[in-house]
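The values are calculated or read from the model by the stated rules, or taken from the named source; none is laboratory data. Everything numeric in this text was worked out from a predicted model, so none of it was measured. Using ideal geometry, Cβ is built from the backbone for each residue, glycine included, and neighbour counts are taken over all protein chains shown. Surface accessibility is based on the protein's heavy atoms, side chains included, excluding ligands, DNA and RNA. Shrake-Rupley method; radii C 1.70, N 1.55, O 1.52, S 1.80 Å.
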Amino acid sequence: MADLLADPEELAASLGVQPTDPKLVWALTAASRRFRGAVRHPVSLVAGDAFVLDGNGRESVLLPAAPVLAVSSVTLDGVALTEVTDFDWSVDGFLRRLGGVWPDRLRCIRGAYDHGYAVIPEDIQEVVVDQARALYRIDPGVQTKTVGGQSVTFGVQAAIGVTAQWTAAVERYQLNRGDRP
């Protein structure tokens, strides 16, 4: 369960089931995947992640994920660069060339870096639990369910809808530059 963005215990408590319930694990996994897909990066801590970037003829390029915690290596056309002398980086994912610009060539910048959250922010955990709760409670493919004299209809929107809190969290953590996951 290392790839989950929220605690199964929290979701289990709100649903009154065991945290090992297969449907609960499925719902939390699906909600975590949906969040990662929406923000276009892993969110969780990734150490030593390799990157290959295109140069753009400018001073800065963007790394594929944020927050950036460390940049352990950068090469330009196979030549190792030195941090603080040849390049610098920011938590927001900017990789800046010092004393010049990155060449305007494809796949000329390579390296490795650490990024993501060791502890998932609480607002992400909250919206992932909310989404997983909704997924858990909906029977996929069911349009109408009648129990006794009551009838409930689940439409496609109920199965895939999101809350305003989800939308706000995605906007806050999304990499709005077409990055690859």
Expressed in nm to one decimal, what extension gain is obtained for the pair ALA112 and LYS23 from 0.36 nm per residue of sequence separation less their Cα-Cα distance?
28.4 nm
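Out of the total accessible area of region 1-118 (probe 1.4 Å, heavy atoms of protein only), what percent is carbon and sulfur?
Working: 3180 of 5970 Å².
Roughly 53 percent, rounded to a whole number.
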Using the Cα gyration tensor of the chain, the equivalent ellipsoid's semi-axes, largest first and to the nearest Å, work out to 43, 16, 12
Which stretch or stretches of region 93-124 have amide N atoms under 12 Å from the point lying 7 Å from LEU69's Cα along the Cα→Cβ direction?
113-120
Solvent-accessible surface (1.4 angstrom probe) belonging to ASP88, in square angstrom, nearest 10:
60
Keeping every protein chain present and rolling a 1.4 Å probe, give me the accessible area per residue for the chain in Å².
55
For region 67-72, what does the Karplus curve 6.51 cos²θ - 1.76 cosθ + 1.60, with θ = phi - 60°, yield as ³J(HN,Hα) per residue in whole Hz, taken in order and with x for Gly and Pro?
x, 8, 9, 6, 10, 8
Solvent-free Debye scattering, log10 I(q)/I(0), computed from the Cα coordinates of region 1-93 at q = 0.18, 0.20, 0.21, 0.22 Å⁻¹
-0.86, -0.98, -1.04, -1.11
How high is the FRET efficiency between SER14 and VAL52 when r is their beta carbon distance and R₀ equals 35 Å, given to the nearest 0.05?
0.25
